[in-house]
Every structure is written in C-alpha cells, then in structure tokens.
Amino acid sequence: MAESADNAPVVSFDDEPLILVDSDDNVLGYRPKAEAHEGDGVLHRAFSIFLFDDAGNIWLQQRAPGKQLWGGYWANSCCSHPRRGETVDAAAARRLREELGVEAEMTFLYRFEYHARFGDIGSEHELCSVYVARSATPIATNPNEIAASEAIAPATLDRELETNPSSYTPWLQLEWPRIRNEHWSTVERVLAG
C-alpha cells in the first residue's frame, strides 16, 4: 500500500460547476457537482485514468469514505470531472497530480456514456473519457480523496471483478473489461514505453 500525503489540499468541492453535455458531447450548461449527482443525475463530462507502474501493475484507489457516491469502494487510479473552461485532457493531468502526486503522459482510449444509481443517494450519469498512463514515480495519495491504494496485476483485477464485484465502483466494472477486450494492445504499447 502507498502512503498518504500529509496536509493534503482539498481539491474537490460540492459547488464546483460540472459541464453538462448531451450524448454527442455538446455543452448544454453547468451545474454544481453535488446537484449534478442528485436523483438520476444529469449527463456531464468526466474522465477515468488507469495508471500503471513500471512492473505493469495497475494502481487502484479506495475512494475516501466522505465521497457523495461510492465512498469506500475501490476504483481505477484516478477519476473526476473537468471544470468550466477546462479541457478533459488538462483536467485529467491536473487531477493525476492532485490525487496521486504524479505527472504522466496519458493516452486516450475511448469515450462512453453510462448511468449508475447509488441507492437513494444519487447517480453518476457521465460521458466519460478513458485514459491509460504509465509512471515510474511512486504515488503520493491525497487522503482527502483516497482512503487506500494498491498496485495489482491486471490478471488479479480480472479475477477480483468476477469474484468480488460489490467492492468496486460501477465505472471500473464497465471500463476495465472493455480495456482488456478492445484496447489491450494500446496498453501494451504504453507499458513498453
């Protein structure tokens, strides 16, 4: 397990405006993050990053317990939303620094739309861009965002999602099999560096 950073800054705010979009990624407006996730949620831009270490292991994070949705669940390395006036690429690079303390060149894999409800609390309804990256730098997790982290082999994650899916976020359960089935050759190129 990686150690958490001390005195970590707060990098996520309930009132930060998310970018509302249609299924074709046309901007429709903005809504505070907390409101955009209430009820059935409103479709908004998001991103997910799968960060690998030099040994080919994938970094997973356990979401901080105070998260509005899926607190305490295990997710991919880093995920969040671009802010108003920010590109998805710039937001992904920013968030990788804020959550994991690393800089890495990211490779875009695909974009997809999904909707997942978290009981009566709210929903994720996202048009999500998925990236892969590799970094030899040890991560330094932000404890305001991440309760724990672990680097595991891809085959271990395959097994975990089959045998213990209730411990993982719905977006990880959707994204990882697609990466393995449709984009693994790109991941291998990134890992080969």
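Of all residues in the stretch 79-103, those that are touching a residue at least 24 places away in the same chain (Cβ under 8 Å) have Cβ atoms under 8 Å from Cβ atoms of residues that are basic (Lys, Arg) and not in a helix (DSSP H, G or I), 6 or more apart or on another chain, in HIS81/ARG45; PRO82/ARG45; VAL88/ARG45; ALA91/ARG83.
On the stretch given as the stretch 48-59, residues that are more than 26 Å from GLU38 (Cα to Cα) and assigned to a strand (DSSP E or B) total 5. Note on the stretch 14-52: residues that are under 17 Å from ARG94 (Cβ atoms) and surrounded by fewer than 23 Cβ atoms within 10 Å (Cβ to Cβ) amount to 4. Taken over the stretch 61-99, the criterion of being of a type in the set (Gly, Ala, Ser) and either outside any loop (DSSP other than H, G, I, E, B) or surrounded by 15 or more Cβ atoms within 10 Å (Cβ to Cβ) (or both) is satisfied by ALA64, ALA75, SER77, SER80, ALA90, ALA91, ALA92, ALA93. Would you confirm whether any residue within the stretch 103-110 is part of a loop (DSSP other than H, G, I, E, B) and within 21 Å of LEU127 (Cβ to Cβ)? So far as the stretch 103-110 goes, no, none of its residues is part of a loop (DSSP other than H, G, I, E, B) and within 21 Å of LEU127 (Cβ to Cβ). With respect to being outside any strand (DSSP E or B) and among the hydroxyl-bearing types (Ser, Thr, Tyr), SER166 fits the description.
Please work out if SER77 is within 16 Å of ALA64 (Cα to Cα) and touching a Phe, Trp or Tyr at 6+ places or on another chain (Cβ under 6 Å). It is true that SER77 is within 16 Å of ALA64 (Cα to Cα) and touching a Phe, Trp or Tyr at 6+ places or on another chain (Cβ under 6 Å).
Being among the charged types (D, E, K, R) and touching a residue at least 12 places away in the same chain (Cβ under 8 Å) is the filter; apply it to the stretch 161-188 and report the residue that is farthest from ASN7 (Cα to Cα). Among those that are among the charged types (D, E, K, R) and touching a residue at least 12 places away in the same chain (Cβ under 8 Å), it is GLU182.
We did not get these values from a lab; they are worked out from the coordinates using the rules stated. For clarity, every value in this text was computed on a predicted model and none was experimentally measured. Methodologically, a virtual Cβ is constructed for each residue, glycine included, from the backbone with ideal geometry; neighbour enumeration extends over all protein chains shown.
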